[in-house]
1. I need the per residue convex hull volume for region A:113-194, using only the alpha carbons, in cubic angstrom as a whole number.
2. What share of all Cα pairs of region B:1-44, in percent, falls into each consecutive 5 Å distance bin?
3. Once label points are set 7 Å from the Cα along Cα→Cβ at both A:LYS230 and B:LYS213, what is their separation, rounded to one decimal in nm?
4. Shielding of A:112-122 by partners, i.e. mean partner chain Cβ atoms within 10 Å per residue?
5. Please list the radius of gyration and Dmax for region B:342-418, considering alpha-carbon atoms only, with Å as the unit.
6. For region B:132-219, which chymotrypsin sites (Phe, Trp or Tyr not before Pro) are both in a DSSP coil and crowded by at most 16 other Cβ atoms within 10 Å?
7. Go through A:ASN184, B:VAL133, B:GLN279 and say which Cα lies farthest out towards the positive end of the charge dipole of the protein assembly as shown; charges sit on Cβ, +1 for Lys and Arg, -1 for Asp and Glu.
8. Just to verify a number: FRET efficiency for B:LEU58 and A:SER163, C-beta to C-beta distance, R0 = 51 Å, to 0.05?
Amino acid sequence: MYTCGIDVGSVSTEVVILNKKDNKIASYIIAATGSNSKEAAKKALEDACKKVGIAESDIKAIVATGYGRINIPFADKNITEISCHARGAVSLFPDLKTVIDIGGQDSKVIKLENGSPIDFLMNDKCAAGTGRFLEVMAGALEINLEHFADIFMKTKEKVDITSTCTVFAESEIVSLIGHGIEKNKIVKGLIYSIVNRITSMVERVGLEEPVAMTGGVAKNLGVVRALEEKLAVKIKIPDEPQITGALGAAYLAQKLS
Amino acid sequence: MGSVLQNLKEQTKVKLRENLNQKYITRLLNIIVSKPVVLAYANTFSSKSDKYLNVFSLKQIKNAYSSHSPTAYGSLFLPYELFYSLGILPFLPEVIAGYSAGLGLADKTLKKASSNWYSQDLCTFHRSASGAVELDLFPKPTFIICTSLACDAAQKSFYLYAKNYGIEDNFYLLDVPYSHTPESVSYLSKQIKNLSMDICKKLGKKLDINKFKEAIELSNEFREWAIKVNDLRKTLVNYPLNYNGLNFILPFHGLAGSKDGVTLYKEMYKEFSRCLKKQKAENSGTKKTHKRILWLHLKPYYKNEIFQTLEEENCKVVFEEINYVYWDKLDPDRPFYSMAQKMLSHYLRGGLENRIDAILNMAKDYKIDGAILLSHWGCRQSNGGARIIKDSLNQYNIPALVLDTDCVDQNNSSKGQIKTRIQGFIEILNSK
């Protein structure tokens, strides 16, 4: 029996099809959300079904999560990304106490007790501390985001990025480049800037180990290492951190079927 | 007929936005509170107390705009018995700022405040009211009275209003000491007495102690009914339609000491008693099917989905901090002393432990499952203690959500994020 989780974020949409028989991921899709979240989710679901070789009707229950969750008419239920990320992360690391999720539009810290969320904190209304912040900065630096981790590891010095606002930070970077500051030092500074914001959120919720990180930004090892350094903990990362919310949604859909 | 009246109401709001000036507001208020209009709308109110709430609140505002009696601006946390004793009409700019957000007028007033250098960090209740004063939308006051109790912005904002109207000599600040001691009661009593004598002198009349006695007696009656209403709410689940306790900020403050205040709360008691009786007969309140929420601080006044979301998720706000009766019965023979005692008894006076004690009492009395603390932009007196309040409730295994948003400026609030936070919080409550 299959269940499905759909995580409709502002940047990307993820679909996970879970096989209840072995609780293994039968297939997953990561696609751009674009301007029509409903269509993006529909298309991603079709693709995920094709990968397994099943029809949509073979899926017993669908749970939608993420910011676009309320706009998915074919979902049986929508559940917040707080519960879904928590459930997804716990399915991978059962003894977790803290989940740090940095997605395209927001970041959140979830505190867990016996595998269930007991508290959470989400970032404010701006893009600072999110994946989008890094994307914009990568654009300003004309460096592929994928290279940020390597640069972070290899570079010893950093410059402080003082602007919180993404738009102002972009201007600050352009100005730093104009002053001949080495781009690698700016990259390192940017990573610390995002990490400082997340660290403060983690401390507000109360850090407890084990800690896992989910969301697309968890793929950036530079951010992960900087967070580990600042929080003085080892952070667990799923093989595919971007699908954790959808995975959790697929698990929660099992309760509906 | 109902939809026609509803459309008319919406059209009036649009017209008000288009013709935003004091003359138009006064004319509109005179029409709205006139007998034929109240009668025409009688059936659109969900209950008699809903009607009283709207009519009495509007009447108080209308009187301030159009009456020949002297009007006095008053900040929250003042004893409004004082206003009724002195025969001055209360006008509460902070509350009106909330109402104007509901009418979609806050953008204009906030913009005006912003262009006149009011800091973006200032609470939007005060910023919006400041903009309204600058735009000359409020009735000109004869006196301005405020207090240092709880709110740090009021005393500064209200002084600026006085300056704007050129009535600095008629500005009064009731300075409430940090501690509740016999000395502080005496210090505050003297201030209230001096203020009263000064206002009477300026109005060219003698201080009438019987008026004070009368207001204090009405205030006591008001208090008794409010306590009775709050007691019923400990078990009441099925409220009259459209009831939202957070709408009672004006009556709870501004009607204490008036006949209207007594009438409203007495009616509420009658209605709630009937609801409870019906609930008991239907047995609908015995099996708990909902999550019980305590609401701390205020609500957003502009159109929002918070309460609809709570309802959809089967959560009921069973009590609101703003409706907590924190003061003892007042002594009509010692009015100044009594009003000082009332102010000093406030749980927002002094250290945070007073507020925490009050919140924990409410949590116990109303058997809550969770609490939502609305953290209003710029409200330092409330936000500063958010973490400690949350931790204090957590100690009793009560989850608490600190909801960062703005009660007046909807541009300071993200609908999607608020919804996610509330739903996430409810999911935590449901998993317990």
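1. Details: hull volume 9.8 nm³, N = 82.
Per residue, the Cα convex hull of region A:113-194 comes to 120 Å³.
2. 5, 21, 26, 27, 15, 5, 0
3. Placing both labels 7 Å along Cα→Cβ, they lie 6.7 nm apart.
4. So the per-residue partner count for this stretch is 4.
5. Radius of gyration, then largest Cα-Cα span, for region B:342-418: 13.5, 41 Å.
6. Sparse-neighbourhood loop chymotrypsin sites (Phe, Trp or Tyr not before Pro): B:TYR178.
7. Most positive-ward Cα: B:GLN279.
8. Efficiency, from the Cβ-Cβ distance: 0.65.
No value in this document is a laboratory result; all are computed from the given coordinates. None of the values given here were measured: they were computed from a predicted structure. Please note: Cβ atoms are built from the backbone with ideal geometry, for glycine as well, and neighbour counts cover all protein chains shown.
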